[in-house]
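Trainee: I'd like to ask some things about the structure below.
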Amino acid sequence: MDSRVVSKAQLPELLDKLARDYILVAPVHEEETVTLFKKVSGANEVQLDYTNSDVSPKGCLFPQTEKTISYTYTGDTLDMKEAAEPPKTALFGVRPCDIKSILALDPVFEGKFLDSYYLDKRKNTVIIGLSCSKVLSTCFCTAFNSGPCDGSGADLMFTELGDKYYVEVNTDKGSSLVEAYSQFFGKQDTEQLAKAKEEQAKKLEGQFTRKVDLEGVKQVLDENFELPYWDKVFKKCLGCGICTFVCPTCHCFDIFDYVTGEVSGDRFRCWDSCMFPDFTLMAGGHNPRPSKKERVRNRFMHKLKYHLDRYNLEGCVGCGRCISKCPVNIDITQIIKDLKEVGQNA
Ligand code: SF4
Ligand code: SF4
């Protein structure tokens, strides 16, 4: 693996250049209270000092609302216009948990049915990660063999160290970007900076207050679909779906047709949530998840079992968003702890 160094003083110029050559998507503050990822026109809009964005960067590859086709009937034929090839995009400032969540989404969209909407964006996007500099009380990425400076999955990984960024070049895509903007990527002191990064990672890992141990949890879920435990947990849930909308690994969507004229329309896909009653409602009226109990169980089974069964990858990355945003404090780390106890008492 190659590594480089970018001086902090030069980062704004690099971001400005990226914004000219690519669609640059980066963390921004909106209305002073919300941090999210969106297209920026230059460095002055980018928020570098953020902990964990309220909304994850997932929407860069899988937008909350996306037009997939437009159609018009002309006589006996149907003219369909597919979405255009997505532009070259640089997704900058992605935290390690969110990078890992993209790795969890990849097999969903490139499985048996290739999802060109996601895959074309993925192919045209270079992921530039940014190590965390603070650990929140809700963070638990270390439970999933990750950590605040883990760059696996990023094309380039930036770590702030004093007046510089240590940059790990992890992929060919990352390497091409470094080559194209070589005036910003120095080679000096990288060995020393690699050591400093390791020390910083260790220091930050010592700051996690939420200790989460997943040992035995999947086995409990493998062996018990019905557990009296679920009869308790769901009672607090409001079914608002916030947990799924903020989750960087949730990927369910619905498809809508919007009529734009007598013989024309647009087709959209929009995020959906397994916490909504009509998510599994069938045309004949049957609903296999008729109450909140089944829906809450499904969410946790998906995060802690089904994703692993299907893709051999965890369906949770420990970002803590569902913990901090749930209005009734349903906490996945408490659920993990409780399920462990169920296993130990079985
Ligand atoms: S955020 Fe909380 S209350 Fe809302 S659906 Fe999720 S678990 Fe239920
Ligand atoms: S389940 Fe919660 S903690 Fe896990 S990735 Fe989703 S939002 Fe983050």
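Trainee: In debye, nearest 20, what is the charge dipole magnitude of the chain about its Cα centre with +1 on Lys and Arg Cβ and -1 on Asp and Glu Cβ, if you could check?
Mentor: The calculated dipole for the chain is roughly 880 debye.
Trainee: So which GluC sites (Glu not before Pro) in the stretch 239-346 pass both tests, a DSSP loop state and at most 15 other Cβ atoms within 10 Å of the Cβ?
Mentor: E262
Trainee: Can you give me the relative contact order of the chain as a percent, contacts being Cα pairs under 8 Å and 6 or more apart?
Mentor: 20
Trainee: Give a residue-ordered list of calculated ³J(HN,Hα) values for the stretch 183-188 (Karplus: 6.51 cos²θ - 1.76 cosθ + 1.60, θ = phi - 60°; whole Hz; x for Gly, Pro).
Mentor: 5, 9, 9, x, 10, 6
Trainee: Okay, helix-only estimate at 222 nm for the chain: each DSSP H run of n ≥ 4 adds -39500 (n - 2.57), divide by all residues, round to 500 deg cm²/dmol; what do you get?
Mentor: Taken over the chain, the calculation gives -9000 deg cm²/dmol.
Trainee: For the stretch 100-180, state which chymotrypsin sites (Phe, Trp or Tyr not before Pro) are in a DSSP loop and have at most 11 other beta carbons lying within 10 Å of their beta carbon. Can you show the working numbers first?
Mentor: Working: sites: F109, F113, Y117, Y118, F140, F144, F158, Y165, Y166; in loops: F113, F140.
Hits after loop and neighbour filter: F113.
Trainee: If you don't mind, another one. Using DSSP to define loop residues, name the trypsin sites (Lys or Arg not before Pro) in the stretch 90-149 whose beta-carbon has at most 11 other beta-carbon atoms within 10 Å. Intermediate values should be presented prior to the final figure.
Mentor: Values: sites: K100, K112, K121, R122, K123, K134; in loops: K112, K134.
In loop regions of the stretch 90-149 (DSSP not H, G, I, E or B), the sparsely surrounded trypsin sites (Lys or Arg not before Pro) are K112.
Trainee: Right, next: Percent of alpha carbon pairs in the stretch 217-345 separated by more than 23 Å? Spell out each step's value before the answer.
Mentor: On the way: 3151 of 8256 pairs.
For the stretch 217-345, the fraction of Cα-Cα distances above 23 Å is 38 percent.
Trainee: With only alpha-carbon atoms in the gyration tensor, what are the semi-axes of the equivalent ellipsoid for the chain, in Å, largest first?
Mentor: Its equivalent ellipsoid spans semi-axes of 35, 30, 16 Å.
Trainee: Whole-Hz Karplus ³J(HN,Hα) for the stretch 242-259, in order, using 6.51 cos²θ - 1.76 cosθ + 1.60 and θ = phi - 60°, x for Gly and Pro?
Mentor: Using θ = phi - 60°, the values come out as 4, 3, 7, 6, 8, 6, x, 9, 5, 9, 6, 9, 10, 10, 10, 9, 10, 6 Hz.
Trainee: Under 13 Å from the Cβ of V259, count the other residues' Cβ atoms, weight Lys and Arg +1, Asp and Glu -1, and hand me the total.
Mentor: Charge balance in the 13 Å sphere: -2.
Read the figures in this text as sums done on the coordinates, not as results from a lab. The model shown is predicted, which means the values in this text are computed figures rather than measured ones. Note that we place each Cβ from the backbone using ideal geometry, even for glycine, and neighbour counts take in every protein chain shown.
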